[in-house]
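Below you'll find the structure, written out as C-alpha cells, and then a few comments.
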Amino acid sequence: MTNFLDFFPSRTMSLYMARMFLVRTFAILAALVLVLQALDLLSESGRILAYAGNGDAEVWRYVSLRSPEIIARFLPFSVLLGTIITLSQLNQNSEVIAMKASGLSAHQVLAPLMLTGLVVAAISFGFNERVVARSSATLAQWKKVEYGPLPIDRGDRSHVWVKDGNHLIVVEQIKGRGDAALLSGITEYEREGQSLRSILTAKTGKRDGTGWRVEGAERFDVATGVVTPVGSVRIADGVRPDQFTLSNINADGMSFVSLREAIEDLKVAGRQTRALEGSLWHKFSGPLSSVLMPLLGAVAAFGLARSGKLFFRAVIGMALGFLYFVADNFALAMGNLGAYPPFLAAWAPFLLFLMIGEAVLLKTEE
C-alpha cells in the first residue's frame, strides 16, 4: 500500500489537484445541462402542452425525466473539458514544472486526476443504473402516448416470433402475462433441418403445462399441398410465456442485470442479441471513459506555457477527446449492424485511445 501511495504526489498536492478537477468538471456539467435542457425543452414543450390537460406540472415532469439522460450523456465531455482547464491552469502557473522538478514523472503528475476519474466513473455507473435507466424507460413510454396518461403495461404485444427447436412460431397478438397469456393468430412453420415440412395455423392458444394448447388449428402439408383440420393440438413444448412478451428491448432503459437477463431470454427464444450485447458491455466502457480523459487531455499539461503553444496544446487534447467519442459511437453503430463483435464494439475505442494517449504522453514528455 505504501508503494502504491508513493506513486502519487504529496497528499496535499493530490487533494489540491483532485479538488480543482472535480470543481471544474461539475461546474461545466451544470452549465451544459442547463443550456441543453433549455434548448431541448423549447422543442418538446409544444408537444407536451398539446395534450389536453397538460400544464406546468407535466413540463417539470419532463425536465425531471430528461435531465438524467443529458447528465449521463455529457458527463464524459465535462470530464474532458475539466481535465484540460485544470491542467492548463497548472501549467500556466508553473505548478507542473515544479512537480517535474521534484522528480515526478508525467504519469505521477496525472495519477491524482486518473484516480479521481475512476471515482467519477463509479458514480456515473451507479447513477446510470439507479436513475438514468428508470427515467429513460418512463420517458420512452410517455413519448409513445404523446405525453398523455401512461397506460398500465399488461404485457400485450403484437407480431412476435420465437423459435421452438427447428420450428418457427409467429403470433399476431399476445395478451396478458405468465400462465394467463392468451395467443391469437398463431402460425407455426414446422421444419426438418432447413426444409419446410408443413405450416400449422390456429385462431387462439393458451398455456397448457409446459406447452401451448391451440384451438381451431389447420395443417398445410407443403409436399402434397393438402390442408387438414386438426382442431385442438398442443405445440411449443418448453416455450415460456416471457419468450413471447420480449419484443422491443430498450437497452438504455434497463439496468445491467435486467438487460443481461433479457439477453439470455432472447437467446433462448432464438433471437439475435448482438446489438444488445454491445450495449451491455458499453454500460461499463462508457463510464470508464472518465478515466481515459485525463490521459487524452494531458498534452495541455506539459510544455512551457510561455512558449505560446498552451492554447494549441489544449486544442489538441480536446480534439483527441472528441475523436474518442466519435470512434465510440461509430463502433457501437458497427456493432448494431453486426460488423463488429459486441465486445470489440464496446471496448475497442477505449483500448485504442488508451494506447494513443500513452503514446502522445510519452512523446510529449520526451
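Worth a mention:
This table checks each residue for (1) assigned by TED's automatic domain parsing to the domain that holds Glu129; (2) assigned to a loop (DSSP other than H, G, I, E, B); (3) under 23 Å from Glu190 (Cβ atoms).
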site	(1), (2), (3)
Ala202	no, no, yes
Glu218	no, no, yes
Gly238	no, yes, yes
Asp252	no, no, no
Ser258	no, no, no
Leu266	no, no, yes
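- Residues that are touching a strand residue (DSSP E or B) at 6+ places or on another chain (Cβ under 6 Å) and of a type outside the set (Asp, Glu), drawn from the range 197-210: Arg197, Ser198, Ile199, Leu200, Thr201, Ala202, Lys203, Thr204, Gly205, Lys206
- Residues considered: Glu188, Glu129, Glu192. Of these, the only one that is assigned by TED's automatic domain parsing to the domain that holds Glu69 and either more than 30 Å from Val63 (Cα to Cα) or acidic (Asp, Glu) (or both) is Glu129.
Every residue, every condition in (1) part of a strand (DSSP E or B); (2) polar (S, T, N, Q), yes or no:
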| position | (1), (2) |
| --- | --- |
| Ser135 | no, yes |
| Trp142 | no, no |
| Val162 | yes, no |
| Lys206 | yes, no |
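- Filtered residue count, the range 49-77, keeping only those that are closer than 30 Å to Ala319 by Cβ and touching a residue at least 24 places away in the same chain (Cβ under 8 Å): 11
- Residues located in the range 27-52, provided they are farther than 21 Å from Ala140 by Cβ and surrounded by fewer than 16 Cβ atoms within 10 Å (Cβ to Cβ): Ala27, Ala30, Ala31, Leu34, Val35, Ala38, Ala52
Quick grid of which residues meet (1) free of Cβ contacts under 8 Å to residues at least 40 places away in the same chain; (2) surrounded by fewer than 19 Cβ atoms within 10 Å (Cβ to Cβ):
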residue	(1), (2)
Leu320	no, no
Val326	yes, yes
Ala333	yes, yes
Phe343	no, yes
Ala346	no, no
Phe350	no, no
Glu358	no, yes
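- The sole residue among Gly317, Gly303 that is in the same structural domain as Arg24 (by TED's automatic domain parsing), out of contact with any Phe, Trp or Tyr (no Cβ under 7 Å at 6 or more places or on another chain), at pLDDT below 90 and not in a loop (DSSP other than H, G, I, E, B) is Gly317.
- Odd one out for Glu95, checked against (1) buried (at least 17 other Cβ atoms within 10 Å of the Cβ); (2) of a type in the set (D, E, K, R); (3) outside the structural domain of Leu49 (by TED's automatic domain parsing): (3)
- Annotation note: Cβ proximity below 9 Å between a residue of the range 7-31 that is free of Cβ contacts under 8 Å to residues at least 40 places away in the same chain and a residue that is among the aliphatic types (A, V, I, L, M) and part of a helix (DSSP H, G or I) (sequence gap 6+ or interchain) occurs for Arg11/Leu5.
- Arg73 being among the basic types (Lys, Arg) and over 23 Å from the mean Cα position of the chain (by Cα): no
The values are calculated or read from the model by the stated rules, or taken from the named source; none is laboratory data. All of these numbers come straight from a predicted model, not from anything done at the bench. Reconstructed Cβ throughout: ideal geometry from the backbone, glycine too, with neighbour counts over all protein chains shown.
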